[in-house]
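Undergrad: Got a structure here, written out as structure tokens. Questions coming.
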Amino acid sequence: MDTLDITEIVKYLPHRYPFLLIDRVTGIEPGVELNAIKNITANEPIFTGHFPQFPVFPGVLILEGMAQCCAVYTFRELGGYPSKETLYLLVGIDNARFKKQVVPGDQMKLKVVHQKTRRGISRFAATAHIADAHGDDVLCCSAEIIIAKNEIEL
């Protein structure tokens, strides 16, 4: 399985700090899935307002991290880096469920499994896990993520 560090990830995604939500791709199985991690730290700018007295990583950002994984997977499947005019946009989220809060100190493990692609629209089954006190992976979020290829004019 291929892995990607942050210098490779930014070649596939236009996102940058503080909105780049993948720290490392830990494995890509072509035609099947992508696995990645996002380290959640107390330094995340979102925690100054969500919620200062009890910092919880927002569910919408968990879903965005999943969508970013889907985009990296899809660009890799196409066999090259995207052009400046090509983006994959999040166009749908189905059956999203949140099971456990994600807080500073957690390492979120993201997994997206490719289901199908038709006419530039791709569907994935996505999950996010964190480790519990015993080091066992616990599901914190699951969803079906839909992304679509979009050409932009610069």
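Each value in this text was obtained by applying a stated rule to the coordinates, not by laboratory testing. Because the structure is a prediction, the values reported are computed rather than measured. Here Cβ is always computed from backbone atoms with ideal geometry, including for glycine, and neighbour counts include all displayed protein chains.
Undergrad: Which value, in debye to the nearest 20, describes the size of the charge dipole of the stretch 2-151 about its Cα centre when Lys and Arg Cβ atoms bear +1, Asp and Glu Cβ atoms bear -1, and nothing else is charged?
TA: Approximately 400 debye in magnitude.
Undergrad: On to the next question. Ignoring everything except DSSP H segments at least 4 long, calculate the 222 nm mean residue ellipticity for the chain; use -39,500 (n - 2.57) per segment, divide by total residues, nearest 500.
TA: -5500 deg cm²/dmol
Undergrad: For the stretch 114-154, list residues with backbone N below 19 Å from a point placed 7 Å from the Cα of Glu77 toward its Cβ?
TA: 114-128, 143-151
Undergrad: Next question, about the same structure. Can you find, among Ala128, Ile145, Phe51, the residue farthest towards the positive end of the dipole of the chain? Put +1 on the C-beta of Lys and Arg, -1 on that of Asp and Glu.
TA: Value computed over the given set: Ile145.
Undergrad: Under the Karplus relation 6.51 cos²θ - 1.76 cosθ + 1.60, θ = phi - 60°, what is the ordered set of whole-Hz ³J(HN,Hα) values for the stretch 83-98, x standing for Gly and Pro?
TA: 7, 5, 9, 10, 10, 10, 9, 6, 10, x, 9, 10, 6, 6, 9, 10
Undergrad: Which of Lys111, Lys38, Lys100 moves the most in a Gaussian network model of the chain with Cα springs under 10 Å?
TA: Lys100
Undergrad: As an exercise, identify the chymotrypsin sites (Phe, Trp or Tyr not before Pro) in the stretch 5-62 lying in DSSP coil whose Cβ has no more than 15 other Cβ atoms within 10 Å.
TA: Phe19
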